[in-house]
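The values are calculated or read from the model by the stated rules, or taken from the named source; none is laboratory data. All values reported here derive from a predicted model rather than from experimental measurement. Here the Cβ is made from the backbone with ideal geometry for all residues, glycine too, and neighbour counts use every protein chain on show.
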Amino acid sequence: MELSRAIYMLFELLVSCRRGVRQGVPLRRGAFLSVLRSVRFCLFAAMLVGVSSVASSQELSSDIVTVTAVRTSGDNKESRFVLDVSKPIAFSVFALADPYRLVIDLPSLSFQMAHGMGQVERAMVRNFRFGSFGETRSRVVLDLSGPAKVSKAYNLPAVDGNAARAVIELVHVSEREFSEQALRDVIRIKADGKSLEKTVPVREKPIPEHEKGSDARPLVVLDPGHGGIDTGATSKRGLKESKLVLSFAKALKKKLEADGHVRVVMTREKDEFISLSKRVAFAQAHNANLFVSIHADTVRESYVRGATVYTLSDRASDQVAAKLAQQENRSDLLAGLELEEKDDVVADILIDLTRRETANHSSLYSRTLVGALKSSIKLSKTPERSAGFKVLKAPDIPSILLELGYLSNDADQSALTSEAWRKKAIDSIAKSLRTFFQRQSANSSGLFVSGSG
Ligand SMILES: [Zn+2]
């Protein structure tokens, strides 16, 4: 039992180490760093293999859900993928292209398969990988033999000595149907009684609002920047960014709750310090559909004014964006936190799977938000910018950072403290969220059957 797990991990280790070194080659300047990173990962993976037997005996005693077997049946036209689990679990499924893959996101699981890998790699499943994805989740990735869509996904309870099962049924589709439909679908299945045996046909009509459970609404995480020991920027008049953005976020939350189109949670509701990675983990733990970080920073160029929406990119769109990201990313250091190496390593392995898809959604929301804000409040000259903000790095959650304005600019400072300005800004953000999620649910054919929050 432990042997197959250890062998698989060793296999992944070898593949990843080779991949890491290969990727290092074309990046001349980054080659050294890449090699360092691969070495770091290899050490980490080797450590995992080494401690896996210890870890699993610890896991047995906790109430973490265990996967006891995995198998595939069927043929190249129709396949059924089954996870035997110690109790029913919430999960979500989506497809990726180039190569064709199916990704299954699950709560944190302990994989203790009694059967070898040979049970899985058959029918439409070419290859199978699994592992932890962040601190609170696990992920299974299936490499598929061709374009396919999920025809049904459901949970079966344990009966007559058989384990509970998470079941995903796949059918082969044309490349066109794959790119038009399957690529856009995210299917979410709940663990609880009501939806336990519910199947989700992909061609199902959109579900009318009144038939959805209250938690079917998309979840938005509002992230008021800074807090506690990290007060953020301070204006000439002594206005503190951390305070200003908290009260703005609270007012926005109130408005969104009154409108009722989305659910809202906040990373902080009082003046406390929260590390950047905890903010990201918070959004992931809540299975958020969108992450909105709210700031009002200072920049050296005091003429820069107006609201700006930032998205994540490896290379900053401009100097102002680059400096701002640098400033924001120092938050954890300011608070005396150690760098969290482990998180980075885990992210390196799996980040590329979903990052591109998520980036598209982030830019789409950025555009929608700028469109809504431009008719109500002053925007900066280039209202859409990008840079390497740590807080926007959830690979699977569309994320943006909104600078309401700059405390280094006098006109902005006056605006930020005006009630009339605040109301206009909040109304526009509410409108942008409505537009964004309406478009998303139209695209996904109403597949957000149940939120898993
Ligand atoms: Zn800030």
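The criterion of being buried (at least 19 other Cβ atoms within 10 Å of the Cβ), modelled with pLDDT under 95 and either under 20 Å from Phe94 (Cα atoms) or in the same structural domain as Val292 (by TED's automatic domain parsing) (or both) does not hold for Leu337. Within region 242-251, restricting attention to residues that are within 16 Å of the ligand (Cβ to nearest atom) and of a type in the set (A, V, I, L, M, F, W, C), the residue that is farthest from Thr435 (Cα to Cα) is Leu244. Whether a residue is crowded, with 17+ Cβ neighbours inside 10 Å and under 21 Å from Leu219 (Cα atoms) was assessed, and Phe389 does not pass this test. Of the candidates Lys254, Lys270, the single residue that is touching a helix residue (DSSP H, G or I) at 6+ places or on another chain (Cβ under 8 Å), basic (Lys, Arg) and away from the ligand (no atom under 16 Å from the Cβ) is Lys270. Residues in region 403-415 that are surrounded by fewer than 24 Cβ atoms within 10 Å (Cβ to Cβ), within 22 Å of Ala372 (Cα to Cα) and in contact (Cβ under 8 Å) with a residue 24 or more places away in the chain: Ala411, Gln413, Ala415.
Remark: pairs (first residue in region 355-383, in the same structural domain as Glu403 (by TED's automatic domain parsing); second residue charged (D, E, K, R) and in a helix (DSSP H, G or I); Cβ separation under 6 Å; 6+ apart in sequence or on different chains) = Ala372/Lys431; Ser376/Lys424; Ile377/Lys424.
Within region 224-241, residues that are not assigned by TED's automatic domain parsing to the domain that holds His295 and more than 10 Å from the ligand (Cβ to nearest atom) reach no partner that is part of a strand (DSSP E or B) and aliphatic (A, V, I, L, M) with beta carbons closer than 6 Å at six or more positions or on different chains. On the given criteria, is Val221 touching a helix residue (DSSP H, G or I) at 6+ places or on another chain (Cβ under 6 Å), more than 16 Å from the ligand (Cβ to nearest atom), modelled with pLDDT of 95 or more and outside any loop (DSSP other than H, G, I, E, B)? Yes, satisfied. Every listed requirement among (1) in contact with an Asp or Glu (Cβ under 6 Å, 6 or more places away or on another chain); (2) at pLDDT 85 or above; (3) assigned to a strand (DSSP E or B) is met by Asn127 save one, (2). The residues of region 377-409 that are at pLDDT 90 or above, assigned to a loop (DSSP other than H, G, I, E, B) and among the hydrophobic types (A, V, I, L, M, F, W, C), listed by number, are Ile377, Phe389, Ile397, Leu404, Leu407.
Is it the case that Arg176 is more than 29 Å from Ala394 (Cβ to Cβ) and assigned to a loop (DSSP other than H, G, I, E, B)? Against the criterion (more than 29 Å from Ala394 (Cβ to Cβ) and assigned to a loop (DSSP other than H, G, I, E, B)), Arg176 does not qualify. Count of region 224-240 residues, restricted to those that are hydroxyl-bearing (Ser, Thr, Tyr) and either under 15 Å from Arg268 (Cα atoms) or part of a strand (DSSP E or B) (or both), is 2. Residues that are closer than 18 Å to Arg434 by Cα and of a type in the set (A, V, I, L, M, F, W, C) within region 213-241 comprise Ala216, Leu219, Val220, Val221, Leu222, listed in sequence order.
When region 283-308 is filtered for residues that are within 14 Å of the ligand (Cβ to nearest atom) and either in a strand (DSSP E or B) or crowded, with 24+ Cβ neighbours inside 10 Å (or both), the ones remaining, listed by number, are Val292, Ser293, Ile294, His295, Ala296, Ala307, Thr308. Do we find that Ala258 is assigned to a helix (DSSP H, G or I), under 16 Å from Pro218 (Cα atoms) and over 19 Å from the mean Cα position of the chain (by Cα) in this structure? Taking the combined requirement at face value, the residue satisfies it.
Cβ separations smaller than 7 Å between residues 6+ apart or across chains give the following pairs from region 242-265 residues that are on the phi < 0 side of the Ramachandran plot to residues that are within 16 Å of the ligand (Cβ to nearest atom) and assigned to a helix (DSSP H, G or I): Leu244/Leu416. For region 261-282, the set of residues classified as among the aromatic types (Phe, Trp, Tyr) and either buried (at least 20 other Cβ atoms within 10 Å of the Cβ) or part of a strand (DSSP E or B) (or both) consists of Phe282 only.
Taking Val299 as the residue in question, decide whether it is under 18 Å from the mean Cα position of the chain (by Cα) and in the same structural domain as Arg355 (by TED's automatic domain parsing). Considered against the rule, which asks whether it is under 18 Å from the mean Cα position of the chain (by Cα) and in the same structural domain as Arg355 (by TED's automatic domain parsing), Val299 comes out as no.
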